[in-house]
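The values are calculated or read from the model by the stated rules, or taken from the named source; none is laboratory data. This one's a predicted model, so the numbers in the text were calculated from it and none came from an experiment. Here the Cβ positions follow ideal geometry from the backbone for every residue, glycine too, while neighbour counts run over all protein chains shown.
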Amino acid sequence: MHIPDGYLGPATSGMFYVVMAPIWAKASKVVKKTLKASQVPLLAIGAAFSFVVMMFNVPIPGGSTGHAVGGVLIAILLGPWAACIAITVALVVQALLFGDGGITAIGANCFNMAFVLPFVGYYVYKAVSHHAPVDSVRRVWAAGIGAYIGINAAALLAGVEFGIQPLLHHTAAGQALYCPYGLNVAVPTMAGEHLLVFGWIEAVVTALVVKYLQKQAPDMIQE
Amino acid sequence: MKITTKLWIGLMVLILLSPLGLILPEHFKAGSAWGEWGADEIQKLVGYVPQGFKKLADLWNAPMPDYAFKGWEEKGLSYLSFAYIVAAIVGIAVIVAVAYFIGKLLSSKGD
């Protein structure tokens, strides 16, 4: 889901920087109010966890690969705004040091994976767990379901961002200038891969860690 | 043991296991993720390289492209796995430093 440089036209990549700026500002504001000094290590661990989870590429039939993001887990433990910051740090380092995800696409990639993913996942988790006791099985399911829906929302968006490029930018002869695949290919592929494979990985990883923390550190799972 | 200590250990285990994310796709002959192809792959897939793509694709010169050392593209899987682990360590070191810096900057004092 890391959109590289050259796949999005300037209009799309520029727009997502503009959209992300106030989100990043709001995230800093909220985190400033809510993050305790004792939670700083957890913010760092969360960002590092997301980074390393994304290195576990999983092959799927058809010769493609993908991975989980781990972002919904951070949102469950630290709240969606802190998760936004943690995942943003991971994504920026991936782009700058490892060329994973484009420099021009940082806004779009952060919108998908650092904003939509943790927020959708977090609110689904909250709705499904619905004040269930911290040690309940329901919370484990809620975490898994939140993770599954969160990553799929992000993948769907990435598909749309890829898919609108041929509509926005093409030569007179009809050749695409950026991503060559339209909505009819990009959306079913991105959504399908994550619905069938990567969403389940995200769900299982998130649910298992929440189950582990219920026993080891129940105070980390509060909301 | 403190829970954060356990989580740090978990992270280290993930770092050591990370080459699985390289070896498994290689074993099943899987290529790039969808939408993350280079110019050659796009040429093969759609028969041309989009003009805008050509201009932007190489905009950034990452110091460790694809979680490997520059010039190691043709090396064997064991070398690449080693590079992958080094990349994971470097990436996590930078991320932890940045996250701590931001966290200290933003977090409230007290507990």
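The table for this structure:
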read-out: Selection within segment B:65-111 - at the interface with chain A (Cβ under 7 Å from one of its Cβ atoms) and at positive phi; value: B:Asp66, B:Tyr67, B:Gly110
read-out: Odd one out for A:Asp100, checked against (1) crowded, with 24+ Cβ neighbours inside 10 Å; (2) in a helix (DSSP H, G or I); value: (2)
read-out: Enumerated helices (runs of 4 or more DSSP H) restricted to segment A:105-223, each holding at least 1 residues that are crowded, with 16+ Cβ neighbours inside 10 Å, in contact with a Lys or Arg (Cβ under 6 Å, 6 or more places away or on another chain) and of a type in the set (Ser, Thr, Tyr); value: A:117-129
read-out: Any chance A:Ile76 is surrounded by 24 or more Cβ atoms within 10 Å (Cβ to Cβ), outside any loop (DSSP other than H, G, I, E, B) and in contact (Cβ under 8 Å) with a residue 60 or more places away in the chain; value: yes
read-out: Any pair with Cβ under 8 angstrom, 6 or more apart, that starts in segment A:11-23 at a residue that is at positive phi and ends at one that is at pLDDT below 95; value: none
read-out: Helices (runs of 4 or more DSSP H) wholly inside segment B:1-73 containing at least 3 residues that are closer than 28 Å to A:Leu73 by Cα; value: B:3-17, B:20-27
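Conditions tested, residue by residue: (1) of a type in the set (Phe, Trp, Tyr); (2) touching a Ser or Thr at 6+ places or on another chain (Cβ under 7 Å); (3) modelled with pLDDT of 95 or more; (4) under 20 Å from B:Gln43 (Cα atoms).
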{"position": "A:Ala147", "(1), (2), (3), (4)": "no, yes, yes, no"}
{"position": "A:Ile151", "(1), (2), (3), (4)": "no, no, yes, no"}
{"position": "A:Ala154", "(1), (2), (3), (4)": "no, no, yes, no"}
{"position": "A:Ala158", "(1), (2), (3), (4)": "no, no, yes, no"}
{"position": "A:Glu161", "(1), (2), (3), (4)": "no, yes, yes, no"}
{"position": "A:Pro166", "(1), (2), (3), (4)": "no, no, yes, yes"}
{"position": "A:His169", "(1), (2), (3), (4)": "no, no, yes, yes"}
{"position": "A:Ala173", "(1), (2), (3), (4)": "no, no, no, yes"}
{"position": "A:Cys179", "(1), (2), (3), (4)": "no, no, yes, yes"}
